[in-house]
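What follows is a single structure, written as structure tokens, with notes after it.
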Amino acid sequence: MRIGVPRETKTLEGRVALVPAAAGDLVRRGHEVWVEQGAGLRSGFADAEYARLGVRIAADAAQLYDRGELIVKVKEPIGGDLALLREHHLLFCYLHLAPEPVLTRRLLDIGLTAVAFETVALDSGELPLLAPMSVIAGRIAVQVGTHYLHQPLGGKGVLLGGLPSTARGKVVVFGAGQAGGAAAALAAAGGAGVVVFEKRQDRRDEMMRLGHNVTTLYPYDDLVAREVASADLVVGAVLVTGAVAPHVLSRDMVAGMEAGSVLVDISIDQGGCFETSRPTTWAEPTYVEEGAIHFCVTNMPGAVPRTSSQAICAAILPWVDRLASGDWRDHPPLLRGINVEGGRIVHPALQSTEV
């Protein structure tokens, strides 16, 4: 099959879906792989590295989409991508369609088949292609949260880890999956006092083992409001596969926080889990709402493209090979990943989407 890897066009998105070594493996397996010129540069991979391994370099996006049958990219198609996608294309990337009815409508009108990384699900319910980027996003959430707590940036001037004679900073994390767990682990390792809200008992147990400075709680509304009111940094990392994220923080709860506190919404790709959240980009990553700094960048792992590209490529390569082999419809995890096909919404979580 002809596999096409376009250059990402989302604002300051530096990732590439296939690193040279992976693209070369696909070539050796008999596939024809095309990479758009310059697609890997921001991740540190020159066109020459691809060409040396038998990968063909497309001069521009138009040639790339013309040559490719299976289009493998990182983020959802926007702008020029949508103008070049055709009915015969099989699209494989992160889509996050639930909060994006306009994009959903465009894909339906094109009539292609789109399999989303974030909805490829194993029989256990595990989401193997979401996991690596979730871990990176969780770590970035604490890194940027720590940064924006600095007073010159508008933050309340708190050092999260504290030191002798001062109180520890307080971090509240919603969700203890891959993203929330990574955020809690980094915050705890840095010495902050960490509160993790999670409904699942097994995950609460896991978070407790991070250290004596970690408390895990069930998210009762009254308890959430009380803990958030005294938080310095709040990280939202809740997920319902393929669906719009539920709100775990109301506007009133955010208003009850101290001015200069920071909220990082990892769930923003799925609409956001704070009532006050709205999507931002790395070009303009923050805004202030109810006195709190909000960081709601929709492609957080794109800030570390070398690491992120290597991680996502290692996760998706076996699935790309399966899709390219032609027998992928015999593989239930990939069938669960189909979001739209032939002008129809396929994924159950999207069935109620108004487009």
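Okay, here's what the table says:
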read-out	value
Residues in the range 106-130 that a label on A314 would reach, taking backbone N under 18 Å of a point 7 Å out along Cα→Cβ	127-130
Relative contact order %, the range 131-302, counting alpha carbon pairs below 8 Å whose residues are six or more apart	21
Residue among T104, T298, T215 with the largest mean-square fluctuation in a Gaussian network model of the chain, springs linking Cα atoms under 10 Å	T215
The range 205-311: trypsin sites (Lys or Arg not before Pro) falling in loop per DSSP and having at most 11 other Cβ within 10 Å	R209
Overall form of the range 199-284 per C-alpha gyration tensor (a/c, 1.5; a/b vs b/c)	oblate
Mean ellipticity per residue at 222 nm, deg cm²/dmol - from DSSP H runs of n ≥ 4 across the chain, formula -39500 (n - 2.57)	-9500 deg cm²/dmol
Lys pairs, the chain - Cα-Cα below 26 angstrom, 8 or more residues apart or on other chains	4
Surface/4 estimate of mean projected area, convex hull on alpha-carbon atoms of the range 131-302, nm²	9.1
Hz values of 3J(HN,Hα) by residue in the range 226-231 - Karplus curve (6.51, -1.76, 1.60), Gly and Pro given as x	5, 6, 5, 4, 9, 8
Contact order normalised by residue count of the range 1-81, Cα under 8 Å, 6+ apart, percent	43
Fewest-first sequence of W282, W319 by Cβ atoms within 10 Å of each Cβ	W282, W319
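Every number in this text was worked out from the coordinates using simple rules, so none of it is lab data. These numbers were taken from a predicted model, which means no experiment stands behind them. Don't worry about glycine lacking a Cβ; one is built from the backbone with ideal geometry, like all the others, and counts go over all protein chains shown.
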